[in-house]
1. In whole percent, and with a 1.4 Å probe on the protein chains, what portion of the accessible area of the protein assembly as shown is carbon and sulfur?
2. Accessible area lost on pairing B with A, both sides, 1.4 Å probe, Å² to nearest 100?
3. When only alpha-carbon atoms are used, what values of Rg and Dmax, in angstrom, describe segment B:131-186?
4. Run the numbers on segment A:143-198 and let me know its relative contact order in percent, using alpha-carbon pairs under 8 Å that are six or more apart.
5. To the nearest 10 degrees, how steeply does helix A:108-119 sit against the main Cα axis of chain A, on a 0 to 90 scale?
6. Given a 1.4 Å probe and the protein chains all in place, what does the accessible area of residue B:57 round to, in Å² to the nearest 10?
7. Direction-averaged shadow area of the convex hull around the Cα atoms of chain A, nm²?
8. Output the lone cysteines of the protein assembly as shown: those with no second cysteine's C-beta under 4.7 Å from their C-beta.
Protein chains: 2
Amino acid sequence: MIKICIAEDQQLLRGALISIMELEEDLHIVGEAADGAEAWTLIEKEKPDVCILDIEMPHLSGLEVAAKIRNHNFPCKIMIMTTFARAGYLQEAMDLHIDAYVLKDEPIQYVIGAVRKIMQGERVISQDLAATLFMNEKNPLNEREINVLKLVKDGYTTNEISKKLFLTKGTIRNYLSLSIQKLEVETRQQAVQKAVEKGWI
Amino acid sequence: MIKICIAEDQQLLRGALISIMELEEDLHIVGEAADGAEAWTLIEKEKPDVCILDIEMPHLSGLEVAAKIRNHNFPCKIMIMTTFARAGYLQEAMDLHIDAYVLKDEPIQYVIGAVRKIMQGERVISQDLAATLFMNEKNPLNEREINVLKLVKDGYTTNEISKKLFLTKGTIRNYLSLSIQKLEVETRQQAVQKAVEKGWI
DNA sequence: TAATAAAAATGACAGGTGTCATTAGTATTT
DNA sequence: AAATACTAATGACACCTGTCATTTTTATTA
């Protein structure tokens with residue numbers, strides 16, 4: 001009997017998956033969570049064999065939960081289940097030695113099959129993602145550029161960012177100018193768009 | 001036996017919902033679609049009693065499919081099932097006399113219950129949305145402002161927009177300036193954000 | 001026909017944005 | 001000690017943005 005925890009913020013999908021997995025004789029859902037923080041508490045308590053994590057959740061992302069699981073050396077298998085085929089996410093997942101990375105565009109039987117496979121030590125990655133992984137563009141931005149770009153994403157202006165980071169506004173503009181060049185776009189907004197799309201910030 | 005068509009672009013959710021609904025004795029899924037265009041073909045062919053439509057799908061949105069159903073005077077009940085509690089979407093749905101407007105954050109049993117209720121002529125709206133409906137801010141933007149703001153959303157610059165619409169760039173700036181004032185924000189990007197969030201563009 | 005409203009354009013202003021060349025301080029390496 | 005690279009700052013330039021007052025043109029209405 002495989003003990004599973006599932007973390008997914010959309011109740012409709014979470015509930016549906018649970019109902020269907022419970023119909024399989026060898027699977028048992030030992031807990032469900034609607035956000036990352038809840039998921040971590042649950043996993044600590046239930047010690048599941050497999051946990052299925054959505055990436056984009058409130059409080060803690062699925063990748064952050066995965067990092068915690070690995071840091072605590074839990075023997076738990078990890079499946080990331082997400083809508084987004086973003087290279088950055090996938091790269092991060094690989095670095096964390098995630099066991100399965102599955103897109104929400106797969107059939108349920110694929111997900112169930114993947115659970116069984118990873119329990120046997122296999123690794124599962126959705127077909128559409130394999131290509132993404134090979135292309136493997138890596139994040140051209142350094143830490144400072146990432147920080148500044150994140151603040152732009154959150155709607156802050158050059159001046160506000162300069163105050164927040166204790167730098168002059170000229171420096172902020174320089175960082176953004178560099179980011180724009182590295183990402184081969186023309187405005188800070190396009191830079192944010194591209195960086196988000198690639199999973200780089 | 002209630003005949004149901006379901007249109008939802010995420011296969012995992014679509015498949016899960018179908019499996020679970022098929023377990024109910026009085027429900028029967030007569031067709032599934034992964035985008036709006038497919039959904040419309042299906043509905044014309046199957047003449048279901050109820051169709052469940054996601055809003056954000058490729059080709060045709062759920063609301064556009066709903067409009068087609070109403071224009072052709074099909075006797076089909078319509079349930080909109082979406083992630084987003086956006087006032088503009090809800091308003092449009094109400095104008096189309098949609099029978100149910102359900103958030104993806106509800107339990108499955110709520111959705112199944114809603115199907116039965118609308119078959120008996122009731123109307124179902126997710127609790128969280130009732131408030132949104134009463135607040136009922138309406139879109140302060142006129143047609144031209146909406147068009148310009150949509151182009152900004154798609155990443156076009158002032159100059160590109162002026163060429164596309166055969167207006168001078170000064171005029172585009174004036175329209176954007178007005179939009180910014182009407183939406184009570186400070187930049188064009190914030191204007192786009194707010195308008196999207198409210199379902200106004 | 002005259003009055004009114006709207007859509008579109010213009011010009012001017014302050015301030016924001018992106019680029020670039022240059023400088024300076026500070027580690028790190030060789 | 002010299003070379004290298006990174007981080008931060010500065011000033012200058014052209015261009016973009018948001019605002020405002022004003023004008024022209026074109027429909028609509030009285």
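The values are calculated or read from the model by the stated rules, or taken from the named source; none is laboratory data. Just so it is clear, the model here is predicted, and its values are computed rather than measured. When we count neighbours, we look across all protein chains shown, and the Cβ atoms used for this are built from the backbone with ideal geometry, even at glycine. Protein only, heavy atoms only, side chains kept; ligands, DNA and RNA dropped before computing areas. Shrake-Rupley method; radii C 1.70, N 1.55, O 1.52, S 1.80 Å.
1. Roughly 49 percent of what the probe reaches on the protein assembly as shown is carbon or sulfur.
2. Using a 1.4 Å probe, the pair buries roughly 1700 Å².
3. Spelled out, the Cα radius of gyration and Dmax of segment B:131-186 are 12.8, 42 Å.
4. 36 percent
5. 80 degrees
6. 20 Å²
7. It is 12.1 nm².
8. That list is A:76, B:76.
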